[in-house]
Amino acid sequence: MGGGGQQTDRITGTNARFSTYTWEEVQKHTKSGDQWIVVERKVYNVSQWVKRHPGGLRIIGHYAGEDATEAFTAFHPDLPLVRKYMKPLLIGELEASEPSQDRQKNAALVEDFRALRERLEAEGCFKTQPLFFLLHLGHILLLEVIALMLVWYFGTGWINTAIVAVLMATAQSQAGWLQHDFGHLSVCKSSRWNHLVHKFVIGHLKGASAGWWNHRHFQHHAKPNVFKKDPDVNMLNMFVVGKVQPVEYGVKKVKHLPYNHQHKYFFFVGPPLLIPVFFQFQIFHNMVSHGLWVDLVWCISYYVRYFLCYTQFYGLFWAVILFNFVRFMESHWFVWVTQMSHIPMNIDYEKHQDWLSMQLVATCNIEQSAFNDWFSGHLNFQIEHHLFPTMPRHNYWRAAPHVRALCDKYGVKYQEKTLYGLFFFFIMYSNLIEDSWQPFFIYKLHRNRCGSILNTKV
């Protein structure tokens, strides 16, 4: 035992001599600049490697001091190659007396989930059908061409422009699902080709950044609905979500905005502005501040193509208006699809759960249909996607019955809702957001009552 970090440079392979550690020792290394993780019982010092990690530095930091085996397996399609790169980071392994799982996780559930993944791999659920993705790309390009041809043939009247905007927003949304596939390395056999095509789709077809997306989205998958770790529940103090945060803000007397009225301004700030304002600023800021110049070139190529095509018909001013209107519609589509599977679920601070339990408590499915599959980019199978992010989406339906059976075995709640039911949830979101603030008022009522009792004179 002991030693640790000093042995990193001397270790070049699994046959090297190294130390053994307890979970207590591993869990001391969670701070920036001093981070250890455990993968398959081996202890790695990733303190410096986080800066070069292709998936971003924060995702590894979220697992510092923890067993990251399940996340490691979920995110990397070529495990032998990744293990090779990790060898120089190896500093030891867990003591023989230590369990493989940390923090009282259910070892039987973890083992059964590992066996389920192996079964799905054997059944071919991780094999891609190239024609599926070619057809999907083809229908995106077709929508783009039809939109441009409508303007060329029918002109720039209001009705025709509205139809063109709908077609363009549909193409953008569907391109969003396609870049999501390549970003998760679920299309090509080679990670290199996945990354290259990802840059083309998200950059040239959508005008966004692959590096920005990787850094943000993988954090969401690693710790969904976990405050301070999942950027998707970082509301920048504009909203409070879940049942825990309203009480916390009430106790700390945080009053950046009138949160008890947030249900009144949600529809004016949330879905309409997420992509056209917040993401737009964040993407360019991220590319410039992190020197993502290749992403920037791809991104600029999208804007050059768009304005070359549409300024000749609309002029610069109205082309900009059309662009933002398309982003406005796409933003609603994106928010409804991605958040209706997460916002209704549990949102809390880190609970150190196993992979299956953590994903199921933060995720629900939408019932399957041909339209739902297309409309959501198969993210109606959000549970299966979160459990197996490198699985091609056309195979989620094959994995779903097996996942449900495993959940039933261990009493893990597997939730599936209707698309219209979740749409109704967002339409009625004002009431639900208002309800999410109720714990604060319960806290205030409790505090006031306790105060009145304490101040009562006998």
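For region 298-416, which semi-axes, largest first and in whole Å, follow from the square roots of 5 times the eigenvalues of its Cα gyration tensor?
38, 16, 13
3J(HN,Hα) couplings calculated from phi for region 280-286 with the Karplus curve 6.51 cos²θ - 1.76 cosθ + 1.60 (θ = phi - 60°) are, in sequence order, 4, 5, 5, 4, 5, 4, 5 Hz; Gly and Pro show x. Note on the chain: helix-only mean residue ellipticity at 222 nm, from DSSP H runs of 4+ residues weighted -39500 (n - 2.57) and normalised by residue number, equals -18000 deg cm²/dmol. All Cα-Cα distances of region 14-170, cut into 5 Å bins from zero to the largest, leave 2, 7, 13, 14, 12, 10, 7, 6, 6, 7, 6, 5, 3, 1, 1, 0 percent in each bin in turn. Taken one residue at a time, the phi angles of region 150-155 give Karplus couplings (6.51, -1.76, 1.60, θ = phi - 60°) of 4, 5, 4, 8, 9, x Hz. Gly and Pro are set to x. Treating each Cα of region 108-237 as an identical point scatterer and summing with the Debye formula, the log10 of I(q)/I(0) at q = 0.11, 0.18, 0.21, 0.23 Å⁻¹ comes to -0.57, -1.08, -1.19, -1.25.
Counting alpha carbon pairs within less than 8 Å and at least 6 residues apart, what relative contact order, in whole percent, applies to region 42-168?
Relative contact order, region 42-168: 21 percent.
Averaged over residues, the count of other Cβ atoms within 10 Å places the peptides 345-353, 273-281 in the sequence 273-281, 345-353, highest first. With the simple model of a label 7 Å out from the Cα in the direction of the Cβ, residue 82 to residue 301 spans 2.8 nm. Each peptide in 197-207, 282-292 receives the mean, over its residues, of other Cβ atoms within 10 Å, and ordering these scores from highest gives 197-207, 282-292. 3J(HN,Hα) along region 198-203: 4, 4, 5, 5, 6, x Hz, from the Karplus curve 6.51 cos²θ - 1.76 cosθ + 1.60 with θ = phi - 60°, whole Hz, x for Gly and Pro. Taking the charge dipole of the chain about its Cα centre, with +1 at Lys and Arg Cβ atoms and -1 at Asp and Glu Cβ atoms, the residue from 170, 333, 259 reaching farthest to the positive side is 259.
For the chain, a simple Cβ point-charge model (Lys and Arg +1, Asp and Glu -1, everything else neutral) yields a dipole of about 920 debye relative to the Cα centre.
Near residue 69: Cβ cut-off under 9 Å, other residues only, Lys/Arg at +1 and Asp/Glu at -1. The net charge is -1. The calculated FRET efficiency for the pair residue 268 and residue 131, based on their C-beta separation and a Förster distance of 45 Å, comes to about 0.60. Residues of region 79-112 with backbone nitrogen within less than 13 Å of a virtual label 7 Å along the Cα-to-Cβ line of residue 31, please, listed as ranges. Within reach of a label on residue 31: no residues. Extension gain, residue 410 to residue 122: 0.36 nm times the residue separation minus the Cα-Cα distance gives 101.4 nm.
Here region 78-134 is described by how far its Cα atoms reach on the three principal axes: 49, 31, 17 Å, from widest to narrowest.
If you take the Cα Rg of region 186-231 and divide it by 2.2 N^0.38 Å, with N the number of residues, what do you get?
On the way: Rg = 12.4 Å, N = 46, 2.2 N^0.38 = 9.4 Å.
That works out to 1.31 for region 186-231.
Taking 0.36 nm per residue of separation and subtracting the current Cα-Cα distance, fully stretching the chain between residue 254 and residue 163 would add 28.3 nm. Collect residues whose amide H, placed 1.01 Å from N in the peptide plane, falls under 5 Å from the amide H of residue 354; neighbours closer than 5 in sequence don't count. Placed amide hydrogens put 106 under 5 Å from residue 354.
Computed over the chain, relative contact order equals 17 percent, with contacts defined as Cα pairs under 8 Å that lie 6+ residues apart.
In region 53-108, the C-alpha radius of gyration followed by the widest Cα-Cα span (Dmax) gives 12.6, 34 angstrom.
Rounded to the nearest 20 debye, the dipole size of region 215-324 about its Cα centre is 440 debye, using +1 on the Cβ of Lys and Arg and -1 on the Cβ of Asp and Glu. Note that region 95-162 shows a convex hull volume over its alpha carbon atoms of 209 Å³ per residue. Here the label points at residue 289 and residue 192, each 7 Å from Cα along the C-beta direction, are separated by 3.2 nm in the simple model. Taking amide H atoms as placed 1.01 Å from N in the peptide plane, the amide H of residue 35 lies under 5 Å from those of 46, 47, each 5 or more residues away in sequence or on another chain.
We did not get these values from a lab; they are worked out from the coordinates using the rules stated. Quick caveat, the model's predicted, so the values are computed rather than measured. Here Cβ is always computed from backbone atoms with ideal geometry, including for glycine, and neighbour counts include all displayed protein chains.
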